[in-house]
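The values are calculated or read from the model by the stated rules, or taken from the named source; none is laboratory data. Source: prediction; values computed, not measured. When we count neighbours, we look across all protein chains shown, and the Cβ atoms used for this are built from the backbone with ideal geometry, even at glycine. Only protein heavy atoms, including side chains, enter the accessible area calculation; ligands, DNA and RNA are left aside. Shrake-Rupley method; radii C 1.70, N 1.55, O 1.52, S 1.80 Å.
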Amino acid sequence: MSRVHVAIIGGGLVGASLALALQDSARQRGWRIALIEPFAPGSDYQPSYDARSTALSYGSRLIYERLGLWQGIAQRAEPIQQIHVSDRGRFGATRLQAIEEGVPALGYVVENAWIGHCLWQALDADVVEWRCPAEVSAMQRLDDGYRLTLSDGASLECDLAILADGGRSALREQIGIGVNVKPYGQSALIANVSPLEAHRGQAFERFTDDGPMALLPLSDNRCALVWTRASADAERLLAISAASFLGELQQAFGYRLGALQQVGARHLYPLSLVEAQEQVRPHLVVLGNAAHSLHPIAGQGYNLSLRDTLALAEVLIGSEGPLGDFATLQRYQQRQQLDQQLTVGFSDQVTRLFSNAQPLLSAGRNLGLLGLDLLPPAKRWFARQAMGLGTRSL
C-alpha cells in the first residue's frame with residue numbers, strides 16, 4: 001500500500017495546473033503528489049485542424065505567468081484583440097477592445113492539446129508521480145485521508161484527494177455529493193472553420209433567436225465555433241453535409257469575415273448548468289467541471305476553474321494545519337465563493353437573456369448592447385467579467 005500527500009484524480013488541464021501550482025512548495029516540504037489520469041499524455045505535440053481549444057481570459061494569462069508557463073503557451077496562443085457582440089437582425093452592438101482596456105489582449109484562444117503539452121513538460125517527475133493510464137474505481141474515507149482503489153486493483157492512500165475528473169464525475173456520485181442541474185434545452189455544436197478573410201484577432205459573439213454563437217480567432221487563420229441551438233436542431237446540423245452546414249452558418253453569422261470556406265469535424269454537447277452541492281469535505285476538494293460546469297458561450301468555465309485552482313494552491317501552501325484539514329479547505333471555499341457566484345450568475349444570465357426570442361427581451365438586450373457602448377462604466381464592467389477580472393485587480 002503506497003501513500004502520497006495529495007492525489008489528484010484527473011490529469012486534464014485543471015488537475016495538471018493544480019499539480020504545477022503546488023510543485024515548488026511540494027518539493028520544499030517533501031510532499032508527494034500523484035496525478036491519476038486514464039489517458040496518457042503524448043510526449044510530442046501534434047498539430048491538428050480539428051483540435052479543441054479553450055479561450056483563456058487575460059486573468060488566466062496572469063495566472064500562467066505566475067506559474068512560469070505562459071512563455072510556452074504563448075507560442076500557439078492567438079490573441080483576442082477585439083470582441084464584437086451583436087444581436088442578429090437588430091441595431092444593438094458593442095465592441096470590447098484590448099487597447100481601450102489597457103491590456104495586450106482581452107484573452108487568448110489556445111488548443112487544449114498545446115496547453116496540456118506545456119503543463120506536462122513543466123511537471124517534475126521527482127515531485128509529481130503520474131499514474132497513467134489509470135482510473136479510480138472507488139474511494140474510501142479514512143480518518144486521515146482517503147484510500148483510492150485503482151482500476152488495475154492497486155490501492156493508494158492520500159492525505160488530500162482532489163476530485164477533478166470532469167462534469168460527469170462518477171466518483172462524485174459514488175461518494176454521495178449531489179448536484180444542482182439546470183438544463184438549458186440546448187446543445188453546443190463545436191467545430192473549427194476557416195474564413196476567406198483574415199480574422200485579425202477578432203472574436204464574435206452573435207445572438208440569434210435560435211441561440212447564441214461565438215466565433216473565436218485561432219492560429220493559422222482558423223476560427224473556433226461554438227454554436228448553440230435547440231437540441232433537435234443541433235442534431236440536424238451535425239448530420240448535414242459540410243457544404244450545407246457552411247451555408248446555414250454563413251446565413252446566421254453573416255459576411256464579417258467573408259465566405260466561410262472550410263469546416264472540420266463537428267461535435268455536439270448537451271448543455272446544462274451543473275453545480276456540486278459540496279465542494280469541500282475533510283481531506284477532499286471537488287475542482288473544475290466536477291464542481292461547476294457552465295454554458296460555453298460566455299467562455300467563463302475553464303477560467304473560473306483556473307482561478308479556483310490557484311486559490312486552492314495558495315490556501316494549502318499558506319496553511320499551518322495538516323493537509324486535508326477541513327478548516328483550511330473551508331477557507332478556500334469562502335475565498336472563492338463570491339467569484340464563483342458572480343461568474344456562474346454572469347454566465348447563466350447572459351445565456352438566458354440571449355437565448356430568448358420573446359420580443360420584450362429581444363428589445364431589452366438590443367438596448368442593453370447599445371447601452372454598453374454609450375455607458376463606459378457598464379462596458380468596463382462587462383469587459384472585466386469577460387477578461388476574468390471581475391473580482392480582482394490587475
Number of the exception - Q23 against (1) out of contact with any strand residue (DSSP E or B) (no Cβ under 6 Å at 6 or more places or on another chain); (2) more than 30 Å from R222 (Cβ to Cβ); (3) in contact (Cβ under 8 Å) with a residue 12 or more places away in the chain; (4) open to solvent by 20 Å² or more (accessible area, probe 1.4 Å): (4)
Test: residue in region 192-208 that is farther than 30 Å from I9 by Cβ, aliphatic (A, V, I, L, M) and open to solvent by 50 Å² or more (accessible area, probe 1.4 Å): yes
Residues that are over 15 Å from the mean Cα position of the chain (by Cα) and either buried (at least 23 other Cβ atoms within 10 Å of the Cβ) or of a type in the set (D, E, K, R) (or both), drawn from region 261-283: R266, E278, Q279, R281
Region 160-181 residues that are hydroxyl-bearing (S, T, Y), paired with ones that are outside any strand (DSSP E or B) (beta carbon under 9 Å, 6 or more apart): S169/G10; S169/I177; S169/N289; S169/A290
Residue in region 31-48 that is open to solvent by 50 Å² or more (accessible area, probe 1.4 Å) and within 29 Å of F253 (Cβ to Cβ) present: yes
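Every residue, every condition in (1) among the hydroxyl-bearing types (S, T, Y); (2) free of Cβ contacts under 8 Å to residues at least 24 places away in the same chain, yes or no:
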| site | (1), (2) |
| --- | --- |
| I8 | no, no |
| G15 | no, no |
| Y45 | yes, no |
| T54 | yes, no |
| L67 | no, no |
| W70 | no, yes |
| S86 | yes, no |
| L106 | no, no |
Top-ranked residue in region 206-249 [being part of a strand (DSSP E or B) and among the aromatic types (F, W, Y); ranked as farthest from A113 (Cα to Cα)]: F207
Candidates L196, L160, filtered to the one that is in contact with a helix residue (DSSP H, G or I) (Cβ under 8 Å, 6 or more places away or on another chain) and at pLDDT 90 or above: L160
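Looking only at residues in region 313-337 that are within 18 Å of Q28 (Cα to Cα) and of a type in the set (A, V, I, L, M), which one is surrounded by the fewest Cβ atoms within 10 Å (Cβ to Cβ)?
I317
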Flag if R95 is more than 30 Å from A170 (Cα to Cα), of a type outside the set (V, I, T) and either in contact with an Asp or Glu (Cβ under 8 Å, 6 or more places away or on another chain) or surrounded by 22 or more Cβ atoms within 10 Å (Cβ to Cβ) (or both): yes
Only one of G301, G211 that is on the phi < 0 side of the Ramachandran plot, surrounded by 15 or more Cβ atoms within 10 Å (Cβ to Cβ) and modelled with pLDDT under 90: G301
